[in-house]
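Bear in mind that the values in this text are calculations on the coordinates, not laboratory data. This structure is a prediction, so every number in the text was calculated from the model and none was measured. When we count neighbours, we look across all protein chains shown, and the Cβ atoms used for this are built from the backbone with ideal geometry, even at glycine.
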Amino acid sequence: MEKEAVVERDEMVESTVEKIPYRFKIDYSGETEICEIDAGISFEKGEKVIIETRYGRDLVSALGPVCCGQKNCSKKDLKRYIRKANEEDLEKKEQNNQKEEEAFKICRDRIREQKLDMKLVGAHYLVDEAKVLFFFTAEARVDFRELVKNLVSIFKMRIELRQIGVRDESRVLGGLGVCGRDYCCHGVMDDLRPVSIKMAKDQNLSLNSMKISGPCGRLLCCLSYEYDYYQEERKKLPSEGNKVYFGKVYYVVKEINIFSRTVKVSGEGSRFFDIPASSFEYNSEKRSWKLTVSPEN
């Protein structure tokens with residue numbers, strides 16, 4: 001009974017400790033994980049720690065506390081914090097970096113021998129667990145059971161093969177985008193957000209796929225950065241193609257520039273006018289837009 005009472009007291013003390021959601025980056029894949037950390041523990045940005053990642057116990061980099069808007073994450077998405085990395089962990093990481101090059105070559109050779117229709121992207125040894133990860137891309141599902149058996153016989157540890165998409169491939173490998181900076185997916189993004197051609201269209205960008213696609217061949221991740229702002233601002237103005245009235249005369253909206261806060265309209269005789277956004281007013285009864293000033297003044 002006395003032992004049970006001690007356990008209950010310990011659990012009560014633990015439950016009263018304030019927890020702070022903290023974000024960590026998995027360096028080799030560019031993905032992030034969130035752990036609940038005791039309020040008394042602090043990290044320098046970029047400090048190496050050991051956590052339970054989606055792949056297993058491994059070394060990650062501390063990013064910072066989760067911002068207010070993201071604190072309500074599901075408990076099942078939270079990972080377990082284990083400890084701060086020590087010298088032994090960092091040394092093992094350096095050794096693993098060298099072993100990964102050899103592991104990559106071995107796996108690539110076995111893929112060729114078995115004539116599997118897959119492209120190997122990367123190899124990674126976990127720091128705090130006897131396990132090797134191999135990332136690959138493929139156009140269809142691949143039966144790699146024999147390959148796994150072969151690799152287990154060579155490495156004498158757990159082997160995990162993960163099929164990823166082309167966007168994930170860019171996130172794992174990293175590189176420089178057309179802007180001259182690190183790929184967004186590798187350097188700054190927490191997850192791969194959906195990107196659509198509508199985002200480019202609503203931002204008046206060229207619809208030439210060569211100009212709005214990244215090295216992965218998919219639409220640029222950065223198209224999603226300002227999209228919400230464009231949508232909010234466009235709600236305050238008529239859409240392209242709409243008719244706007246000044247008295248009994250109507251004009252057609254041709255182009256909207258949300259940054260200069262101007263709208264280009266065309267009138268009779270194909271004349272064009274640039275009008276300040278403040279000159280437009282929406283009539284909710286008639287469900288139409290009107291001009292408060294004449295474009296021709």
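Just need the relative contact order of the stretch 65-217 here, percent rounded to a whole number, with Cα pairs under 8 Å and 6+ apart.
In percent, rounded to a whole number, it is 14.
Per DSSP H run of at least 4 residues, take -39500 (n - 2.57); add these up for the chain, divide by its residues and hand me the 222 nm value, nearest 500 deg cm²/dmol.
Calculated at 222 nm, the ellipticity per residue is -8500 deg cm²/dmol.
Run the paramagnetic zone check for Lys45: 7 angstrom along Cα to Cβ, then residues of the stretch 165-201 with backbone nitrogen under 15 Å.
Of the residues in the stretch 165-201, 187-189 have backbone N under 15 Å from the label point off Lys45.
Over its Cα atoms, what ratio of radius of gyration to 2.2 N^0.38 Å does the stretch 168-229 give?
1.06
Which value in nm describes the separation of the simple spin-label points at Val148 and Phe259, placed 7 Å from the Cα toward the beta carbon?
Placing both labels 7 Å beyond Cα along the Cβ direction yields 5.0 nm.
With an 8 Å Cα cut-off and a minimum separation of 6 or more residues, compute the relative contact order for the chain in percent.
10 percent
Given an 8 Å cut-off on Cα distances and at least 6 residues of separation, report the relative contact order of the stretch 90-164 as a percent.
Once divided by the residue count of the stretch 90-164, the mean separation gives 28 percent.
In Å and on Cα atoms, what radius of gyration and Dmax does the chain show?
27.6, 95
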